[in-house]
C-alpha cells in the first residue's frame, strides 16, 4: 500500500519561484503540487477549491500580500503554511509566524543558503506535515492576540524550588519562535538567571528574531557574539546556522560561536548548548525543550540530568510539532511536562 502524497499549493508572484518550488516538491517523492497561485487573493480561491495539506507562501505580492492571506486563512480554513523568504524580509518572517505560519525556509542566496540547502530544508518542512497540530497553532494565535491588546496574563511562580539556578537553556525548532516569545515576554526584569537559546534557524534571521524578543521583553535580548558574558537578565540567542557553546573563562561564563560541522544534523544545536552548559552549571541549570521536529536536545538533557540539572518539556497539548519534546520525555529524564502557558511559571520558581 503506497503512502498518500502530501498535497501542496504554491503561492508566489514570481513565475520562476513557482517553477523551482514545484520541481523540488514534485521530485521529493512524498509530495506533489496540486495548484499554483500568483497572489493571496488567487491563493484563497485555490485553498477553498483544492483543500491542500500544506501551502508554501511568498509574503510580498500584489493585490493581496501574504499577511492578509494568513489572517483570512487562519480564521476561515486553517492550513499549515511554510513561508519562503529572502533575507531582506527577515523581520516580516516573524510577523508571519505570529499570524499562524508554521515555519519558513530561506530562499537560495550566497549569504544565507545554497540551492542544495534550500532543497533539503524545504523537503524537511514538507515531511513534517503529518505531525502538525493546527489546533495548537490556532490556540497560540488567540493567546498572542490577547497579548497584543496589552493584556499579558500574570505569571505566578509554581511552588518554590529547593534550589535556584543561574542558567536557563532553551531549545526549540518548528513552532519555536512564537513559543519562545510567549515565555520570554512574561519574565520580570529582575530575573535571577541568564538565558541561552538554541532555535533551529538559518543564517541571517536570528538577529531580527533577537531584536523582536528584545522589543517585547523586559529583559535584554541579543544575538550571541563571541565572548559575550552570561549574566542575570541577559538572553543570548544562538546565531542561525551556527552553534552556541558556553565556556568557562576565569570566574565568568562566556559564549563561543562554532561553525557548523559535517556531523551536525541540526543547527543551531540544542544538544551542544545543553551539554556545554551542563558541564559548567551542573545542578544550577534548567533546560527547557519546546516544540519541534526531530530529536535535538535528547542527548543534551541526559548530560543535564547527569550533572544534576532540572529539565522541562512542552506538553503534546500545546506543541505545534511534538517531536523534540516526545524524544526528551521518552528518555524518562524530564522532571516536568507542562503546557506552554505554564512554562514561564515553572521556570520562575527556580529564579
field: All positions within region 317-334 that are in contact (Cβ under 8 Å) with a residue 40 or more places away in the chain and surrounded by fewer than 18 Cβ atoms within 10 Å (Cβ to Cβ)
entry: 317
message: under 26 Å from residue 306 (Cα atoms) and more than 21 Å from the chain's Cα centre (by Cα): which single residue out of 245, 280 fits that description?
response: 280
Hey, residue 312 part of a strand (DSSP E or B) and either surrounded by 24 or more Cβ atoms within 10 Å (Cβ to Cβ) or at pLDDT below 95 (or both) or not: yes
message: Can you tell me which condition residue 256 does not meet? The list is (1) over 21 Å from the mean Cα position of the chain (by Cα); (2) crowded, with 20+ Cβ neighbours inside 10 Å, and all the others hold.
response: (2)
- line: Taking region 1-14 and keeping residues closer than 20 Å to residue 69 by Cα and in a strand (DSSP E or B) leaves 7, 8, 9, 10, 11
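If you check 203, 188, which single one turns out to be modelled with pLDDT under 95, assigned by TED's automatic domain parsing to the domain that holds residue 270, in a loop (DSSP other than H, G, I, E, B) and farther than 19 Å from residue 101 by Cα? Write out each step before concluding.
Values: 188 fails: modelled with pLDDT under 95.
Answer to the selection: 203.
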- prompt: Which of the residues belonging to region 335-350 are buried (at least 20 other Cβ atoms within 10 Å of the Cβ) and farther than 19 Å from residue 176 by Cα?
  reply: 348, 350
message: If I ask for residues that are over 24 Å from residue 103 (Cα atoms) and either in contact (Cβ under 8 Å) with a residue 60 or more places away in the chain or surrounded by 21 or more Cβ atoms within 10 Å (Cβ to Cβ) (or both), which ones from region 281-299 would you list?
response: 281, 283, 284, 285, 286
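The values are calculated or read from the model by the stated rules, or taken from the named source; none is laboratory data. Keep in mind that this is a model prediction, so the values were computed, not measured. Cβ sites come from the backbone with ideal geometry, for glycine too, and all protein chains shown count toward neighbours.
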